[in-house]
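Note sheet for the following structure.
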Amino acid sequence: MRLLYLYGEEITGRKAREIHTLNRVLSLARCGIEVTLVTAYDHSEITAKSELLTMSGGNLSGIEFHSFSRQWKIGGVPIKSSAHFYHQVGEWIKKQNSFDVVYGIHLKAAAFIKKSFPKLPFVFESHEVFSDAFDSRSWRYRKLCTQEQAVYQKVDAVVSTSHYLLTQIEKSFSIPKSRLVSPNCAEACFFEWDLERADSKELLYLGSFQHWKGVSNAIQAMKLLPDFHLTIVGGNDREIEALRNEAPVNVRFLGFLPHDQVQAVMERASIALIPNRLTPMNSLQTFPMKLVEYAAAGKKIVTTDLPILKELRPGDWCSRVPADQPEAIARAVKEQALKVQDRLEIRAWAKSFQWGPQAERIHLFIAELLILLKK
């Protein structure tokens, strides 16, 4: 099977959707699919290939790489243009031996393929309802609703990261009958990290600083936890400075760290925080990849009570608290710190979320889809 994974952005090494995409590509190749990954590029040293070389230990068997620029000039002014990117991709596809299927997570990628190559099957992997990021009365909401409905009517199959998300999509759009739920997963390295180095007073937040991530709630909770220390990994300089002004002395910011440096920080932490807010609505639909990564590393967790947790059913090592209540976070941290927890038990729960088995399920799903489409 020849699969084209079409990713219409540059790879920066910093975004969760990039890490997800690279892991998906790597795991699909390892289960026997010939994968061609097409991305945008911006002349930086970071590329999909360089990132995957690090993640894979140097084994990129079964993967080909191509990239095209989004850079375009209007009146001598450089801008990024998705239309320019997809035009180049289209001309390139015409020169290739036929792919069996195209896979992607971008609405524009799906719309482009089904318009330019309507007979080429497209499997759309959904992570959220994009329009739900905006007020239902806004023009952005209406525009994205129209785009999403057009894509769901034309694609051949949908892969959703959770049953909860799939039900939200079904409420809003007409979607193809071929559907699969395949969750986000934890990389193999998390399952190998040391469980014995955890310090009961060390807390961790690892991730981006988007408003809905609720990082400020974790910081406010630390004012009620003077005996604990919180290490925050992520964010850029501007975002860190904005939060540093409100942070007590028991909070430290490390900024963005590469994987090999994250290990030491995560191993030392005993409890990890997921202080998400519940707005906008699409924030409830994204799969909490950090939940399974923390669990794979044997961390106890304090998280906002997200709807998807009913589906994931973590153990009592995972405390659920109301959104936007720093005092509830502080209370749950104290309770978890007193628990004697078998960290191997936490890790065992996370073993359900591994890239290899999920890739095998997707491989079978696509194979059956292609048989159906030929009938």
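Nothing in this text is a laboratory measurement; each read-out follows from the coordinates by a stated rule. Please read all numbers here as calculations on a predicted model, not as lab measurements. Positions of Cβ are backbone-derived with ideal geometry, glycine not excepted, and every protein chain shown enters the neighbour counts.
The figures follow:
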{"quantity": "For the stretch 79-198, size of Cβ-based charge dipole, Lys and Arg +1, Asp and Glu -1, in debye", "calculated": "920 debye"}
{"quantity": "Relative contact order %, the stretch 188-350, counting alpha carbon pairs below 8 Å whose residues are six or more apart", "calculated": "27 percent"}
{"quantity": "Value of relative contact order over the chain, rounded to a whole percent, pairs C-alpha under 8 Å and six or more apart", "calculated": "15 percent"}
{"quantity": "Lys, Arg +1 and Asp, Glu -1 on Cβ, resulting dipole of the chain about Cα centre, debye, nearest 20", "calculated": "1220 debye"}
{"quantity": "Fewest-first sequence of H84, H211, H43 by Cβ atoms within 10 Å of each Cβ", "calculated": "H43, H211, H84"}
{"quantity": "Solvent-free Debye scattering, log10 I(q)/I(0), computed from the Cα coordinates of the chain at q = 0.07, 0.10 Å⁻¹", "calculated": "-0.33, -0.68"}
{"quantity": "Residue order, fewest to most beta carbons within 10 Å, for L273, L338, L370, L6", "calculated": "L338, L370, L6, L273"}
{"quantity": "Calculated from backbone phi, Karplus (6.51, -1.76, 1.60) coupling profile of the stretch 176-190 in Hz, x at Gly/Pro", "calculated": "x, 6, 7, 9, 9, 9, 9, x, 4, 9, 9, 5, 4, 4, 4"}
{"quantity": "Helical mean residue ellipticity (222 nm; -39500 (n - 2.57) per DSSP H run of 4+; nearest 500) of the chain", "calculated": "-12000 deg cm²/dmol"}
{"quantity": "Point-charge dipole on Cβ atoms (K/R +1, D/E -1) for the stretch 188-350, about Cα centre, debye to 20", "calculated": "300 debye"}
{"quantity": "Signed unit charges on C-beta, dipole axis of the stretch 7-127, positive-most listed residue H43, V25, V77", "calculated": "V77"}
{"quantity": "Long-range amide H partners of E9 with built H, under 5 Å", "calculated": "A40"}
{"quantity": "Of the DSSP H helices in the chain, those whose Cα atoms cover at least 20 Å axially and whose Kyte score averages -1.0 or more", "calculated": "16-30, 355-374"}
{"quantity": "Listed pairs K300/K351; K15/K143; K73/K94; K15/K290; K15/K73 exceeding 22 Å between Cα atoms", "calculated": "K15/K143; K73/K94; K15/K73"}
{"quantity": "Relative counts (whole %) of C-alpha pair distances in the stretch 108-263, using bins that are 5 Å wide", "calculated": "1, 7, 13, 13, 12, 12, 12, 12, 9, 6, 2, 1, 0"}
{"quantity": "Dipole axis of the chain (+1 Lys, Arg; -1 Asp, Glu on Cβ), positive-most option in S200, V233, S116", "calculated": "S116"}
{"quantity": "12 Å beta-carbon shell around A337, net charge (K/R +1, D/E -1)", "calculated": "+1"}
{"quantity": "Residue exposure sequence - L195, L312 - by fewest surrounding Cβ within 10 Å", "calculated": "L195, L312"}
{"quantity": "Euclidean distance of C-alpha centroids, the stretch 214-261 and the stretch 290-365, integer Å", "calculated": "21 Å"}
